[in-house]
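**Student:** Provided herewith is a single structure, encoded as structure tokens, for subsequent inquiry.
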Number of protein chains: 2
Amino acid sequence: MAEIPETSVLAIASHVAYGHVGNTMATFVMQSLGLEVSAINTVEYSNHTAYKQVKGRKTPADEITELYDGLKQSYLNDFDMMLSGYCPSAEVVQAVGKIARDLRFNAMTKPGSFFWVLDPVMGDEGRLYVSSDIVPAYKALLNDADLILPNQFEAELLSDTKITDVSSLTHAITLLHRIHRLTHIVITSLRLSVDNIPSRTETLSVVGSTMRSDLSPRLFRIDVPAFPCFFSGTGDMFAALTVARLREAALKAGLDHTAHWQSPDSVAPTHLPLAEATEKVLASMQSVLRNTMTARDKEIHRLEKVQSPGGVNSLNEGTGEEGVRDRQMKQHLRETKAAEVRVVRNVRDLVHPPVDEVYRAVAVEGKEADPGTGDALPDELGVVKVGGGEGATHQT
Amino acid sequence: MAEIPETSVLAIASHVAYGHVGNTMATFVMQSLGLEVSAINTVEYSNHTAYKQVKGRKTPADEITELYDGLKQSYLNDFDMMLSGYCPSAEVVQAVGKIARDLRFNAMTKPGSFFWVLDPVMGDEGRLYVSSDIVPAYKALLNDADLILPNQFEAELLSDTKITDVSSLTHAITLLHRIHRLTHIVITSLRLSVDNIPSRTETLSVVGSTMRSDLSPRLFRIDVPAFPCFFSGTGDMFAALTVARLREAALKAGLDHTAHWQSPDSVAPTHLPLAEATEKVLASMQSVLRNTMTARDKEIHRLEKVQSPGGVNSLNEGTGEEGVRDRQMKQHLRETKAAEVRVVRNVRDLVHPPVDEVYRAVAVEGKEADPGTGDALPDELGVVKVGGGEGATHQT
């Protein structure tokens, strides 16, 4: 194993029995990289919501607080890092914020000894899938986070800035750095299509920044090919890998006693530990997703064969409207199951980012548009398709 | 990775945020060996109970049933195996039994396609640590299990037989095979001390049996050195490794289409897949525990240094009675934390049982005592210390 220095992480996110999303994804990914993970689960569901039907229970905020109090009373809360993901209510967001502040307070005399990665899970592709009071609840926490991992839509919500091109992107990131003193940002989800014409083989861009001491951004961008398939939990895989790889890169850069692991101003965007970490994260992810895609296609092919008329599992639930709906639902369930990320069987790719998956960060020389006039300066990012923020990760 | 054939496991046990017991242990161990694990958590606690204080919640039986129903409605319950552990109430034991029967029913036309490993967690060293109505609840499930993993005390409870020597041991195992048609049994916990004189360097014995077609036992025994330290969660590590290694051994032996993976009568005790699996399990465990012991001793030594008078963390909570109690509790908490099993950092030992940890099964030629007279025949196991059943695993 590529040994990452001993790291203790508190992971607060959802738990599903079947499949790999939330903590069910993040815990295994971080453990595979050698991190000690303490998981507090914000929901206990049978499966993730892409199946379109789910049973289980949301964890009330007071139970999350109680679990943390249990850790605290036994001196088990000496975490180096925290990763927070999906919260089912604004109260849970607030409870998570209180926990983070308590951990930050404990680490006050030792700068750099606690680091919070906040994944502000709110929605995607212009659609909010949490209650609307969660948006201000997250905004109120941004000042306490070290790194946030929004997709394009979530970055827009948090910065109150519509991201349409590189200048508005730069503006949004600048605002988040400046207003919230937020050291690191990675937008996991910019989908580019040159000249606004969607192409079949699309590219996804991940854009990150670690601010300078004057709060100005240091932007880098990494492009990866998109897969023509929707995978659930890839945002959680991205976050978990980022926790491990950023820890590794920050320690290598000697930043472990520096508040927020903020690199000196002399470090160029593409040499940031955040950029280096993201490169490794994407190498692992692309390989795992490619292998998942292959396994999924094989399974779908197998299903088509057994479901063909006369096949052993042919879906003959009648021909009426109900029968058709039933057949479509079964088909959907099987395809969703086939697309579960093969993370367990591809653990090698997590531990050793494949050398044939090289994605390099490039600097983004973003200039802010004058927000007054909305004038966008020419940008070198190409036209950023509006509303295409499905995650480097949640790909259609 | 030593690839074990693709296996999907439903794991029903406890979950703790901090530390490694129950599903928090078993899920990672099985995933490390490449198994797909779906976890349903019977409790959500902050930490395990050896800390002597814990916060959190027991999962009500109906929530466990609901999670399973959620899997079932989306056709996600096509499990190859099930591992069940700690249940906080008799109702939960019954709910787990219903789930196992449903999975068994689904597999009815395909013998060997579903296998249930039942760890009947009830107590240890003569002490019950669950509600007493859990004992009959487990007894009622034995007919449906394929393999049970009791410690000595639990084997006594389930067989209504006091185990004092090899003949009563044989009697207990024979009863479990005969009355419950229980194919496989491993007693994880016989502590031997020759001539009944406890020695400092004690040996633990694990005794297993796969019944023959006439329901008679095929007993084997494996001895391992005991560690002079109590570790929590080692029973769960044993169970999780056994799931993976028995699956591997049974498939290698071509038993995957044989009901209960029952070996032909011609197979000798020491050549049973169960014996082969247990050898690998113990090799992995002994190495992980040895490394844990080393890390623990180092940590205890470090704590002693910083807590010495004048040390930075010296425990000066006053000298009154309360101060002493407070100091003792803090000491206990720190020592318990130091003894958490280092499973994440020793994943190599799980995947590749170390070649320098070789524990071989030997046949046990047990003859049953006549239960009427209690006459024990001379035994080749040595005297089995009564009440020493702390697990190959929960070691003091």
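**Student:** Evaluate peptide B:327-338: per residue, the Cβ atoms of other protein chains within 10 Å of its Cβ; return the mean as an integer. Let's see the in-between values first.
**Tutor:** Values: counts 0, 0, 1, 2, 0, 1, 4, 2, 0, 2, 4, 0.
For peptide B:327-338, the averaged partner shielding equals 1.
**Student:** Pop the C-beta distance of B:H301 and A:S266 into the FRET formula with R0 = 41 Å and round what comes out to the nearest 0.05. Intermediate values should be presented prior to the final figure.
**Tutor:** Details: r = 41 Å, r/R0 = 1.01.
The calculated FRET efficiency here is 0.50.
**Student:** Compute the Cα gyration tensor for region B:1-62, then decide on rounded, prolate or oblate, letting a ≥ b ≥ c be the square roots of its eigenvalues: rounded whenever a/c is under 1.5, prolate when a/b is larger than b/c in the other cases, and oblate in all that remain. Could the numbers behind the result be given before it?
**Tutor:** Working: a/c = 4.50, a/b = 1.81, b/c = 2.48.
It is oblate, given that a/c is not under 1.5 and a/b is not larger than b/c.
**Student:** Here is a follow-up. Which pairs, out of B:K139/B:K337; A:K298/B:K252; A:K72/B:K139, put more than 29 Å between their alpha-carbon atoms?
**Tutor:** Over 29 Å Cα-Cα: B:K139/B:K337; A:K72/B:K139.
**Student:** Another question, if that's okay. Which is the longest part of chain B that has none of the GluC sites (Glu not before Pro) sitting in a DSSP loop with at most 14 other Cβ atoms within 10 Å?
**Tutor:** On the way: sites that count: B:E3, B:E6, B:E317, B:E365, B:E380.
The answer is B:7-316.
**Student:** A further question follows. In whole Hz, what ³J(HN,Hα) sequence does region B:35-47 give by Karplus (6.51, -1.76, 1.60; θ = phi - 60°), x for Gly and Pro?
**Tutor:** Calculated HN-Hα couplings, in order: 7, 7, 10, 10, 9, 10, 9, 7, 9, 10, 10, 6, 6 Hz.
**Student:** Checking the a/c ratio against 1.5 first, then a/b against b/c, what shape does the Cα gyration tensor give for region B:97-196?
**Tutor:** Prolate, since a/c reaches 1.5 and a/b exceeds b/c.
**Student:** Pull up all non-local amide H partners of A:N151: gap of 5 or more, or a different chain, and H-to-H distance under 5 Å with H placed in the peptide plane.
**Tutor:** Here the answer is A:T188, since their amide H atoms fall under 5 Å of that of A:N151.
**Student:** Once you average over the residues of A:74-85, how many Cβ atoms of partner chains fall within 10 Å of each Cβ? All intermediate terms of the calculation are to be shown ahead of the outcome.
**Tutor:** Values: counts 16, 5, 11, 3, 1, 1, 0, 0, 0, 0, 0, 0.
Neighbouring Cβ atoms belonging to other protein chains average 3 per residue here.
**Student:** With the crude spin-label approximation of a point 7 Å out along Cα→Cβ, what separation in nm comes out for B:Q73 versus B:T203?
**Tutor:** 5.6
**Student:** Shifting gears a bit: When the helices in chain A are scored as -39500 (n - 2.57) per DSSP H run of 4 or longer and the sum is shared across all residues, what 222 nm value do you end up with, to the nearest 500 deg cm²/dmol?
**Tutor:** Numbers: 10 runs with 147 residues, N = 396.
Value at 222 nm, helices only: -12000 deg cm²/dmol.
**Student:** Using only the Cα atoms of the protein assembly as shown, what do you get for the radius of gyration and for Dmax, in Å?
**Tutor:** That works out to 27.9, 100 Å for Rg and Dmax.
**Student:** Hydropathy first: keep DSSP H helices in chain B averaging at least -0.5 on Kyte-Doolittle, then drop any whose Cα extent along the axis falls short of 20 Å, and list what survives.
**Tutor:** B:90-106, B:166-180, B:234-252
**Student:** Hey, what do the phi angles of region B:351-365 turn into as Karplus ³J(HN,Hα) couplings, whole Hz, using 6.51/-1.76/1.60 and θ = phi - 60°, x for Gly and Pro?
**Tutor:** 6, 10, x, x, 6, 8, 10, 9, 10, 9, 6, 10, 6, 10, 8
**Student:** Okay, moving on. State whether region B:115-253 is rounded, prolate or oblate according to the following rule on the C-alpha gyration tensor (a ≥ b ≥ c being the square roots of its eigenvalues): a/c under 1.5 gives rounded; otherwise a/b larger than b/c gives prolate, and the remaining case gives oblate. Can you show the working numbers first?
**Tutor:** Details: a/c = 1.34, a/b = 1.23, b/c = 1.09.
Rounded, since a/c falls under 1.5.
**Student:** Additional query: Count, for each residue of B:20-29, the Cβ atoms from other chains sitting within 10 Å of its Cβ, then give me the mean as a whole number.
**Tutor:** Per residue, the average neighbour count from other chains is 1.
Every read-out reported here was derived from the displayed coordinates using simple, explicitly stated rules and does not represent laboratory data. All values reported here derive from a predicted model rather than from experimental measurement. Positions of Cβ are generated from backbone atoms using ideal geometry, with glycine treated the same way; all protein chains shown enter the neighbour counts.
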